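First up is the structure itself, then whatever we jot down about it.
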Amino acid sequence: MKTMGILGPKGTHSEAAAVYLNERMGYAYTLVEYGEIYEVMEAVSHGEVDAALVPVENSLEGAVNVTLDMLASSDVLQVMKELIWPVHNQLMAKPGVTELRRIFSHPQPIAQCQGYLRRHYPKAEIVKVSSTAKAAQMVAEEAAESGWAAICTKRGGEINGLVPVAKEIQDNMANRTRFFLLAGKGEAPQPDAPDKILVICQIDGKRAGSLCDVLEEFAKRRVNMTRIESRPARTELGEYIFFFDLDTDVSEEAMRQSIEAVGRKCIWLRHLGCFPVIDAGK
């Protein structure tokens with residue numbers, strides 16, 4: 001039976017998204033939980049699991065940097081699918097809690113709910129932990145009198161015996177997270193109708209106009225970039241790696257020529273796969 005690595009424990013947004021893929025998309029992955037995103041990606045890189053589902057970007061807080069950095073440093077990972085997941089954050093605590101003194105969650109949900117937290121709990125201590133499900137577990141282990149609460153999924157709270165203090169506390173109701181389903185090189189099947197292509201490259205940051213030269217290669221062949229993201233190359237100050245999400249709504253020849261032309265103008269370039277996009281909110 002095939003396995004999929006996810007950020008655990010049970011009750012995270014990652015687990016909910018993985019269950020959706022299994023139940024709605026006809027997959028049959030056995031889920032394997034890891035404590036950190038980088039551990040999930042290392043597991044699929046080393047062949048410990050067949051696939052990995054990791055968050056790559058949130059509509060409110062932007063890129064998940066650990067995911068981008070791991071993709072940039074790996075020469076074996078390929079993207080099989082992108083899943084757009086609607087995010088619902090709940091504030092949950094043990095039954096009987098009267099005053100909230102400490103609120104636990106992963107840094108991303110905390111940032112996604114910061115407006116709500118400032119308005120309603122300005123005096124509460126905000127504590128960052130490795131996942132929303134971990135936050136729910138920690139709250140469940142304390143007495144209600146401690147005043148602890150977690151920002152987590154509804155399922156994550158319920159499986160730990162928590163009840164809602166407030167529902168849907170995200171600052172934007174259109175809050176969504178993009179996930180990548182990853183596999184090792186050669187393990188990702190070629191889709192019949194891909195929606196996107198992901199390429200990563202490093203340009204010469206010391207040469208004026210080097211980024212413009214790269215973008216021109218896409219523009220003159222009418223290749224639409226749906227996303228551009230940069231991360232430090234970790235070589236020296238001012239050196240960057242760029243991530244390009246490319247629409248496949250052009251001819252294969254135009255796309256091939258664009259990527260080859262960009263490759264000639266970069267220090268290095270890697271093609272991380274052609275993949276379909278699944279929107280779980282539709």
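The values are calculated or read from the model by the stated rules, or taken from the named source; none is laboratory data. Only a predicted model underlies this, so the values are computations on that prediction, with no experimental measurement involved. Heads up, the Cβs are rebuilt from the backbone with ideal geometry, glycines too, and the neighbour counts pull from every protein chain shown.
Taking the criterion of being exposed (fewer than 15 other Cβ atoms within 10 Å of the Cβ) and hydrophobic (A, V, I, L, M, F, W, C), the residues of the stretch 1-44 that qualify are M1, M25, A28.
Quick test for you: out of T248, T235, T177, pick the one residue that is under 20 Å from W85 (Cβ atoms) and of a type in the set (V, I, T). None of the other options fit; the residue is T177. For the residues K123, K134, the requirement of being among the basic types (K, R), over 23 Å from the mean Cα position of the chain (by Cα), more than 23 Å from D279 (Cα to Cα) and not in a strand (DSSP E or B) singles out K123. Restricted to the stretch 198-242, and to residues that are out of contact with any helix residue (DSSP H, G or I) (no Cβ under 6 Å at 6 or more places or on another chain) and of a type in the set (F, W, Y), which residue is farthest from E57 (Cα to Cα)? By that ranking, first place goes to Y240. Within the stretch 145-168, the residues that satisfy the criterion of being in contact with a helix residue (DSSP H, G or I) (Cβ under 8 Å, 6 or more places away or on another chain) and assigned to a strand (DSSP E or B) are W148, A149, A150, I151, C152, V163, P164, A166.
Looking at the structure I just gave you, is I203 surrounded by 14 or more Cβ atoms within 10 Å (Cβ to Cβ) and either at pLDDT 90 or above or within 30 Å of G115 (Cα to Cα) (or both)? Here the answer is no, as I203 does not meet what is asked. Out of H120, H106, one residue alone is assigned by TED's automatic domain parsing to the domain that holds G156 and either in contact with a His (Cβ under 9 Å, 6 or more places away or on another chain) or of a type in the set (D, E) (or both). It is H106. Screening the stretch 169-282 for strands (runs of 3 or more DSSP E) wholly inside it with 3 or more residues that are among the charged types (D, E, K, R) returns the ranges 225-232.
Let's see how each residue does on (1) buried (at least 16 other Cβ atoms within 10 Å of the Cβ); (2) farther than 15 Å from G8 by Cα:
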residue: L100; (1), (2): yes, yes
residue: H106; (1), (2): yes, no
residue: S130; (1), (2): yes, no
residue: V139; (1), (2): yes, yes
residue: E168; (1), (2): no, yes
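Within the stretch 88-106, one or more residues are among the hydroxyl-bearing types (S, T, Y) and touching a strand residue (DSSP E or B) at 6+ places or on another chain (Cβ under 8 Å). Looking only at residues in the stretch 248-282 that are over 17 Å from T226 (Cα atoms) and touching a Pro at 6+ places or on another chain (Cβ under 9 Å), the one that is surrounded by the fewest Cβ atoms within 10 Å (Cβ to Cβ) is G281. Residues in the stretch 57-77 include none that are of a type in the set (D, E, K, R) and under 23 Å from I159 (Cα atoms).
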